[in-house]
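Okay, so here's the structure we're looking at.
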Amino acid sequence: MQEKNRKRASGCPIAFGLDIFGDRWTLLVIREIMLRGKRTYSEILEADEGIATNILIDRLKHLESEGILEKRRDPENRRSFIYNLTKKGRDLAPILIEIIIWSGAHDHRPNARHDVLEKIRKDRAGFEADLRDS
C-alpha cells in the first residue's frame, strides 16, 4: 500500500516520526512483529500490555497506510491476514534497539526484562541484522 500523502505540520524530522509511531501502541505493535515474531491479529492481540481490539485494528491500518506494514491473506486460513514489516518498517530496528538500551540503563524495576538487552550487548550488529531480515 502506498504511503499517505498528507501535509505534515512542520518539516521537523522528530515531528514526522511522532506522526507515524508516536503513541504507545504503535511501537508495541512493531515490537510484537519485529522482536517476538507475531504475524497475525490474534497473536499481536496477546501482547502483555493488553491492547484493546479497536486500538489494534486502528494501529495496524495506520502502519499499513504509512508503508510500515503489509498484510496478505493467510494461505492456510483465508479468513485471516498475515502482517509483515516492509523495508521501511524493518529500518526501525536501530530505533527499537536504542530504546531497549536506554530502557535497560534506566528501568530498574525487579520485573524488567533484560534478556534482549543481553543479546544486544553480546552481538549488536548480528541482532540488528536478524531484526532486519525477519
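The values are calculated or read from the model by the stated rules, or taken from the named source; none is laboratory data. All values reported here derive from a predicted model rather than from experimental measurement. Note: ideal-geometry Cβ built from the backbone for every residue, glycine included; neighbour counts use all protein chains shown.
Among the residues of the range 49-81, how many are among the aromatic types (Phe, Trp, Tyr) and closer than 24 Å to ILE97 by Cα?
0
Name the residues in the range 25-48 that are within 17 Å of LEU96 (Cα to Cα) and either small (Gly, Ala, Ser) or not in a helix (DSSP H, G or I) (or both), would you?
LEU35, ARG36, GLY37, LYS38, ALA47, listed by residue number.
Restricting attention to the range 91-119, which residues are surrounded by 14 or more Cβ atoms within 10 Å (Cβ to Cβ) and under 24 Å from LEU69 (Cα atoms)?
LEU92, ALA93, LEU96, ILE97, ILE100, VAL116
Looking only at residues that are outside any loop (DSSP other than H, G, I, E, B) and of a type in the set (Val, Ile, Thr) in the range 79-117, which one is modelled with the highest pLDDT?
Going through the qualifying residues, I end up with ILE82.
Is it the case that some residue within the range 79-89 is surrounded by 11 or more Cβ atoms within 10 Å (Cβ to Cβ), among the basic types (Lys, Arg), in contact with a helix residue (DSSP H, G or I) (Cβ under 9 Å, 6 or more places away or on another chain) and touching a residue at least 12 places away in the same chain (Cβ under 8 Å)?
no
Are there any pairs with C-beta distances below 7 angstrom linking a residue in the range 116-127 that is of a type outside the set (Ser, Thr, Tyr) to a residue that is surrounded by 11 or more Cβ atoms within 10 Å (Cβ to Cβ) and not in a helix (DSSP H, G or I), with the two at least 6 apart or on different chains, and if so which?
VAL116/LEU35
Taking PHE21 as meeting all but one of (1) in contact with a Phe, Trp or Tyr (Cβ under 7 Å, 6 or more places away or on another chain); (2) in contact (Cβ under 8 Å) with a residue 40 or more places away in the chain, write down the number of the exception.
Of everything listed in (1) in contact with a Phe, Trp or Tyr (Cβ under 7 Å, 6 or more places away or on another chain); (2) in contact (Cβ under 8 Å) with a residue 40 or more places away in the chain, PHE21 misses just condition (1).
Sort through ARG24, ARG78 and tell me the only one that's of a type in the set (D, E, K, R) and more than 30 Å from SER10 (Cα to Cα).
The conditions single out ARG78.
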